[in-house]
Amino acid sequence: MEFDSNQEIANAYGLPYMFQEAEDYVMEEPDVSLKRIVGMNKVVSRWIERHRRIPSSNPNAQPEERKMGIWLKVLMFYSDVMVDPTDENKKEREENETCHKSCQFTIRSGCYPDSKDEEFN
């Protein structure tokens, strides 16, 4: 999935107004955005379940996998904004991210992390 312009990239992230004049864009309702996120989440989750792995957004990946990888990045970026716009649950999200990294480390290496303070790549 190649993008021809910055506008197409912004559209993929649900930010079509990013490169437009403020008066030219009417912001969509939050419930519409939330429905879009829920729909994308279902599609990406089904892809992961079917293929038993996380999709890659690498340009060399198959087009469908790359699309799912981009959507996953969009979901990770956008879902926090939609679910918790005031950032009230930041600490909990950070703890969840640490747990996510630990799980990825365990899947990749086949062993448990030695320390929960260790930085996992």
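Is it the case that Leu34 is surrounded by 12 or more Cβ atoms within 10 Å (Cβ to Cβ), modelled with pLDDT of 75 or more and more than 30 Å from Ile107 (Cα to Cα)?
Working: surrounded by 12 or more Cβ atoms within 10 Å (Cβ to Cβ): yes; modelled with pLDDT of 75 or more: yes; more than 30 Å from Ile107 (Cα to Cα): yes.
Yes.
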query: Pick from segment 1-29 the residues that are assigned to a helix (DSSP H, G or I) and over 18 Å from the mean Cα position of the chain (by Cα): which of them is modelled with the lowest pLDDT?
result: Ala22
message: Can you say whether Arg46 is within 25 Å of Phe105 (Cα to Cα), at pLDDT 90 or above, out of contact with any Pro (no Cβ under 8 Å at 6 or more places or on another chain) and in a helix (DSSP H, G or I), as far as the supplied structure shows?
response: yes
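Looking at Lys73, is it among the basic types (Lys, Arg) and modelled with pLDDT of 80 or more?
Here the answer is yes, as Lys73 does meet what is asked.
The values are calculated or read from the model by the stated rules, or taken from the named source; none is laboratory data. What you see is a predicted model; the values in this text were computed from it and never measured. Here Cβ is always computed from backbone atoms with ideal geometry, including for glycine, and neighbour counts include all displayed protein chains.
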